[in-house]
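Inspection log for the structure reproduced underneath, given as structure tokens.
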Amino acid sequence: MPNKISVKKRIQILKNLLVEIEKNEQNITYALYSDFNKSEAEVFLTEIFFVKSELKKTIKKLPFWLKPKREVSSLLNFPSSDFIYKQPYGKVLIIAPWNYPFQLSFCPMIAAFAAGNSIVLKPSEWVPNTNSVILKIIEKVFEKKYVSVELGGVEKATELLSKRWDYIFFTGSVAVGKIVHQAASKHLTPVTLELGGKNPCIVDETAQIELSAKRIVWGKFINAGQTCIAPDYVLVHEKVKEKFIEALIKYIKLFYGDKVIDSLDYPRIISENHTNRLVKLLEHQQIVFGGEFSIHQKFLEPTIVLEPSFDSPLMHEEIFGPILPIIGYTLYRDLETIISRYEKPLALYYFTTNKTNYSKVIKDFSFGGGVINDTLVHFANSRLPFGGVGQSGLGAYHGVYSIDTFTHKKSVVRRSLRLDVSLRYPPFVLKLKKVRKILNFLSKF
Ligand code: NAD
């Protein structure tokens, strides 16, 4: 059921939410640090600030975003007034991952509620401390019948997916995305799937190498590489490869120091199992930098791998950790050959100073979203829809696109009672020729 709360009241509740988040900033920060050593700066930038920006924007713009939109009427219906109404779907299930657990739970929840839905949120089981704060804030601000939290892992998610929903919003891996899609298809429930994949990052021979390396190190190793839109691998032109690798190493050291394990800004991997998986990806690889790890401390150093084999597991699966494979290329068609080995990525990054080059890349490759000469930052503009394409996702959100995601666009034509053209009514025998002529004429407009 939709929540049936007036827009004005919803805005008041969202304002209360903002107050509650602000009151809990310390708790959120501490919880994320306890879960995987996420630093205060990263928590602020990628979790709290982001959620608060989306929330403030929603509070400000919601009446405008939800206002029925008047459309130009069709001459075929003349005279009429035509409108598009944004109608909440009803009961929404949101399933979230662990890597940005606060942001990826709250942003879709805020939009779904603002749009008029009632919500059940299932956050990830890997972040128990963050979940306690999420639960506390939600229980304080929302009545349970409007927003509730279900804690648990695969079993809980499976139980929730077996129920009937009016909309499902899932963020997570491609493999689980397929399970969610299948469960949703039973009732033809519409879904948004925010998934992952192998995101290419290209550095061509015209790129500004120092700045490119700096921005790539930032985007790859923030959250220890556990970011859906992190560059997965770099394709660098052979002419600048050596210089580029030197610059990468320089910036890793500059950002995280010589002993990364002691850096206050470098998070841990989410679990020992996840660390183990990443360490295994390094087997038989040519490591040119990093590679230090500690399974029980859930630590893996920022690591650069040179020219991995495309048959190795490292180049098969989404890395989702602090390992950066570097692959040299010489011709544009090498880029096409390599990128087309994989499903359409969630993000693509291209570093160049040549406008013709980047225009061609934007036109030639299909990807969820991307950036020229930087990484990740397209995520930060809520005026841009964020989402994947093909196996990297279905649907998009952020800003007004989130409201679009959580509402059905209902078209309503209000016909005038004054004029009623008899040509549309049978019998047509004597008037079909005339009807054809008029319709052909009107369809030109
Ligand atoms: P995941 O798919 O393992 O888990 C996500 C959620 O699904 C969790 O809440 C989990 O409990 C639930 N889940 C796990 N197995 C399930 C099953 N068999 N049936 C039903 N539900 C199940 O993903 P994760 O490890 O939490 O997150 C990492 C993945 O998420 C990466 O692939 C990353 O690229 C992707 N991701 C995408 C975005 C995006 O915005 N596109 C953002 C963050 C993460």
Just give me the residues in segment 209-264 being acidic (D, E) and over 20 Å from G197 (Cα atoms), in sequence order. E210, E238, E242, E246, D258, D262
Residue pairs, Cβ under 6 Å, 6 or more apart or interchain, first in segment 226-237 and closer than 13 Å to P302 by Cα, second within 7 Å of the ligand (Cβ to nearest atom) and among the hydrophobic types (A, V, I, L, M, F, W, C). List them. Q226/F320
Unmet requirement for H237, which otherwise passes all of (1) of a type outside the set (S, T, N, Q); (2) over 27 Å from G368 (Cα atoms); (3) at pLDDT 95 or above: (2)
Examine segment 116-135 for a residue that is in contact with a Phe, Trp or Tyr (Cβ under 7 Å, 6 or more places away or on another chain), in a strand (DSSP E or B) and under 28 Å from P345 (Cα atoms), and state whether such a residue exists. no
Cβ-Cβ below 8 Å, separation at least six or inter-chain, first residue in segment 161-184 and of a type in the set (S, T, N, Q), second assigned to a helix (DSSP H, G or I) and within 6 Å of the ligand (Cβ to nearest atom): which pairs? T171/L104
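Do we have I59 as within 29 Å of V191 (Cβ to Cβ) and surrounded by fewer than 17 Cβ atoms within 10 Å (Cβ to Cβ) here? Let's see the steps before the verdict.
Numbers: within 29 Å of V191 (Cβ to Cβ): yes; surrounded by fewer than 17 Cβ atoms within 10 Å (Cβ to Cβ): no.
No.
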Given the condition modelled with pLDDT of 95 or more, surrounded by fewer than 21 Cβ atoms within 10 Å (Cβ to Cβ) and within 26 Å of K344 (Cα to Cα), answer yes or no: does some residue in segment 291-306 qualify? yes
When both residues are 6+ apart or on different chains and their Cβ atoms are under 8 Å apart, which pairs have a first residue that lies in segment 381-407 and is in the same structural domain as Y342 (by TED's automatic domain parsing) and among the charged types (D, E, K, R), and a second that is more than 10 Å from the ligand (Cβ to nearest atom) and part of a strand (DSSP E or B)? none
Looking at segment 161-203 only, could you name the residues that are under 30 Å from L248 (Cα atoms) and either more than 10 Å from the ligand (Cβ to nearest atom) or not in a helix (DSSP H, G or I) (or both)? G172, S173, E194, L195, G196, G197, K198, N199, P200, C201, I202, V203
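List the strands (runs of 3 or more DSSP E) inside segment 327-443, counting only whole elements, that have at least 2 residues being over 26 Å from K214 (Cα atoms).
Numbers: elements: 347-351, 369-372, 407-415.
The qualifying strands (runs of 3 or more DSSP E) are 407-415.
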Candidates Y233, Y256, filtered to the one that is assigned by TED's automatic domain parsing to the domain that holds E336, among the hydroxyl-bearing types (S, T, Y) and within 15 Å of the ligand (Cβ to nearest atom): Y233
Give the residues of segment 383-404 that are of a type in the set (V, I, T) and under 25 Å from S81 (Cα atoms), sorted by residue number. V400, I403
Kindly provide the set of residues from segment 87-107 that are within 13 Å of the ligand (Cβ to nearest atom), part of a loop (DSSP other than H, G, I, E, B) and out of contact with any strand residue (DSSP E or B) (no Cβ under 7 Å at 6 or more places or on another chain), ordered by number. W98, N99, Y100, P101, F102
Filter segment 349-377 down to the residues that are within 14 Å of the ligand (Cβ to nearest atom), within 12 Å of A230 (Cα to Cα) and touching a Gly at 6+ places or on another chain (Cβ under 6 Å) and list them by number. L376
Being aliphatic (A, V, I, L, M) and assigned to a loop (DSSP other than H, G, I, E, B): is that true of L264 here? yes
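The values are calculated or read from the model by the stated rules, or taken from the named source; none is laboratory data. Quick caveat, the model's predicted, so the values are computed rather than measured. Neighbour counts are summed over all protein chains in view; Cβ atoms, including those assigned to glycine, are modelled from backbone coordinates with ideal geometry.
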